[in-house]
Amino acid sequence: MQRPEPQEFARVLSSMCTEPHPAARAAAERYLATNPGDPGTYGAVADLEREAVEMLGAVTRLDDPTGYVTSGGTEANIQAIRIARNRKRDVVDRPNVVVPDHAHFSFTKAADLLSVDIRRAPLDEDYRADPEAMTALVDGDTVGVVAVAGSTEYGRVDPVPALADLAHDSDALLHVDAAWGGFALPFTDHAWDFADAPVDTMTIDPHKLGQAAVPAGGLLARAPALFDTLAVDTPYLESTSQVTLTGTRSGAGVASAVAAMEALWPDGYRAEYERAQDLAEWFADELRDRGYDVVDPTLPLVAVDVPTDTVEALREAGWRLSKTGAGEARVVVMPHVTRGMLRAVLADLDRLG
Ligand code: 0PR
């Protein structure tokens, strides 16, 4: 039977995933049949996972990092909320987590799964978390505060140090969601990482800007003890306990994350960030010249107010475009997005708009 071809990237403008780096693709294939969830049997991939965590620590400036390679940002965010909840299990009856309104919907899943209330605070006028609005929602039952470093809709970076203070003043944990932004932010002057602020846990996904194969997300914690609250006994494995959410996990994801980071950290990621940021700014200027309202790209992500009919027409022309909650078209300048592609979408916009 003829199977459909997987998605080609030539017209994909909305995804936060991309073509894996060639070394990441090769590594994924070699490790397809390994399971880092069973380190007693699959020792080589377990060693590679330790390397992945070390490298994620280098990217986020965390010495002696603890963590693991998750199935993606969703799992990492769920586990971070679970850590925050379990840490205060004996003292808080109705735990809540305070997040800025742009926090990814994976936090809504986490809240539902973990019976934690999620409190969403309005953003400031530049689409960033507003520490005052978040402070108003914190109380004695708050177990966690979330900051986003590279928001899904507008690529914004929240004031992480202020939110860390807010969390710690109420003995809650500060979690940073850098699922998408984590591999671009080291080359910006935003304050976002473990060295800039007393961040407790962080999501940073190799399968997004890290250029690894899917599935490869990342969860890091400042102190190993934070993971202790997640440990369950594993009686019939050679290892005696497990802190991950899933059991069998992707060795391909782990191996490809290491291969991508070895190939690209730091110079390759820097060059890609500079290319993508230049391109995003050029694209934003082109759109403004045509009279469209554009949300300024602080990271390589452009949101532009284009009429719904025009977005539909562009989709029919084959472009994969998504919209923000407020209705802007959203273009994520990932490694597969070239100037040629953006020139072509501008030409289609001129024709169809
Ligand atoms: N945190 C942030 C900041 C994210 O942007 C995402 C995913 C996640 C966590 C969850 O990561 P996983 O999907 O790996 O679990 N970001 C968007 C999403 O898939 C990307 C996106 C959005 C892609 C809209 C396409 C689209 O049309 O939900």
Members of segment 62-83 that are more than 8 Å from the ligand (Cβ to nearest atom) and of a type in the set (D, E, K, R):
Asp63, Asp64, Arg82
Find all pairs meeting these conditions: Cβ atoms under 6 angstrom apart; at least six residues apart or on different chains; first residue within segment 71-86 and closer than 10 Å to Asp205 by Cβ and assigned by TED's automatic domain parsing to the domain that holds Thr203; second residue among the β-branched types (Val, Ile, Thr) and more than 7 Å from the ligand (Cβ to nearest atom).
Ala76/Thr70
Touching a Phe, Trp or Tyr at 6+ places or on another chain (Cβ under 9 Å), modelled with pLDDT of 95 or more and more than 16 Å from the ligand (Cβ to nearest atom), is that true of Val243?
yes
Determine whether Asp189 is free of Cβ contacts under 8 Å to residues at least 24 places away in the same chain and either in contact with a Ser or Thr (Cβ under 6 Å, 6 or more places away or on another chain) or within 29 Å of Glu274 (Cβ to Cβ) (or both).
yes
Which numbered condition Arg119 fails, given (1) within 28 Å of Arg330 (Cα to Cα); (2) more than 16 Å from the ligand (Cβ to nearest atom); (3) assigned to a helix (DSSP H, G or I)
(3)
State whether the residues of segment 42-54 include one that is in the same structural domain as His104 (by TED's automatic domain parsing), in contact with a strand residue (DSSP E or B) (Cβ under 6 Å, 6 or more places away or on another chain) and within 16 Å of the ligand (Cβ to nearest atom).
yes
So if I check each of Pro198, Pro186, Pro206, Pro235, which one is away from the ligand (no atom under 13 Å from the Cβ) and either buried (at least 23 other Cβ atoms within 10 Å of the Cβ) or closer than 22 Å to Asn35 by Cα (or both)?
Pro235
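The values are calculated or read from the model by the stated rules, or taken from the named source; none is laboratory data. Note that the coordinates shown come from a computational prediction; the quantities given were computed from them, not determined experimentally. Glycine gets a Cβ as well: all are built from the backbone with ideal geometry, and neighbour counts include every protein chain shown.
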